[in-house]
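These notes are about the structure you will find just below.
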Amino acid sequence: MTIDTRVRSVESVKTTPLFDIVVDLHPRLDFGADGPLGQRVLFGAAGGSFQGPRLRGEVVSGGGDWALFRPDGTMLLDVRLTLRTHDDALIHMSYGGRWVIPPDVRTEMTDHATRHHIDPARYYFRTNPLFETGSPHHGWLNDIVAIGTGYLIDGGVAYHVEQVL
């Protein structure tokens, strides 16, 4: 097979830290037994905080993750959150992603009292946040792409989020 001559070398993707975010969660709500696509669950956001080099603030209660657990155990994220910055601007943050828990880690994940102690290197938890705001000061967020690495914490979930340059 020959390489298509239209393919060219481009700069590798680079990132810079955007913020770290902690999302406190309400108890999960199950939408019944397995549906046609898997098991749908709502992890409602109860609050939280975020902080980074260019912005900081709180996670507003009321958003959440309308997650879908596939039959193979992978969780598909469908998250919408509202962030309130330290200067009172509102930012809509939405993201999809994947949380893949290897079979040898799944039993440990069922213990809600200790699962936040599991090393995040033992599972794959990645997101792709996008932002929307009418704030002139934070309008630069409307035009960026970000990536995040997630991990469990006591009472919720956290992400390290990087801006793709």
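The values are calculated or read from the model by the stated rules, or taken from the named source; none is laboratory data. As the structure is a computational prediction, the values presented were derived from the model and not from experiment. We place every Cβ from the backbone using ideal geometry, glycine too, and count neighbours over all the protein chains shown.
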Exclusive hit being in contact (Cβ under 8 Å) with a residue 40 or more places away in the chain, surrounded by fewer than 17 Cβ atoms within 10 Å (Cβ to Cβ), assigned to a strand (DSSP E or B) and not small (Gly, Ala, Ser), set His137, His92
His92
Do the conditions hold for Asp72, that is, is it more than 20 Å from Thr127 (Cα to Cα), free of Cβ contacts under 8 Å to residues at least 60 places away in the same chain and of a type in the set (D, E, K, R)?
no
The strands (runs of 3 or more DSSP E) lying entirely within the range 10-69 that contain at least 1 residues which are buried (at least 16 other Cβ atoms within 10 Å of the Cβ), at pLDDT below 95 and not basic (Lys, Arg) are 39-51, 56-69
Which of the residues spanning the range 117-127 are surrounded by fewer than 16 Cβ atoms within 10 Å (Cβ to Cβ) and either touching a strand residue (DSSP E or B) at 6+ places or on another chain (Cβ under 6 Å) or closer than 19 Å to Asp72 by Cα (or both)?
Pro120, Arg122, Tyr124
In the set Val41, Val59, Val7, which member is farther than 24 Å from Glu162 by Cα and touching an Asp or Glu at 6+ places or on another chain (Cβ under 8 Å)?
Val41
So Ile3 passes all but one of these: (1) more than 20 Å from the chain's Cα centre (by Cα); (2) aliphatic (A, V, I, L, M); (3) surrounded by 15 or more Cβ atoms within 10 Å (Cβ to Cβ). Which condition number does it fail?
(3)
Subset of the range 61-75, residues over 16 Å from Tyr159 (Cβ atoms) and not acidic (Asp, Glu), comes to Ser61, Gly62, Trp66, Leu68, Phe69, Arg70, Pro71, Gly73, Thr74
Residue tally, condition surrounded by 11 or more Cβ atoms within 10 Å (Cβ to Cβ) and among the acidic types (Asp, Glu), over the range 100-110
1
Which one of these does Phe69 not meet: (1) of a type outside the set (D, E, K, R); (2) over 15 Å from Val161 (Cβ atoms); (3) in contact with a Lys or Arg (Cβ under 6 Å, 6 or more places away or on another chain)?
(3)
Of those in the range 70-86 that are β-branched (Val, Ile, Thr) and modelled with pLDDT of 95 or more, the residue farthest from Pro36 (Cα to Cα) is Thr85
Asp104 fails exactly one of the following numbered conditions: (1) touching a strand residue (DSSP E or B) at 6+ places or on another chain (Cβ under 7 Å); (2) in a helix (DSSP H, G or I); (3) charged (D, E, K, R). What is the number of that condition?
(1)
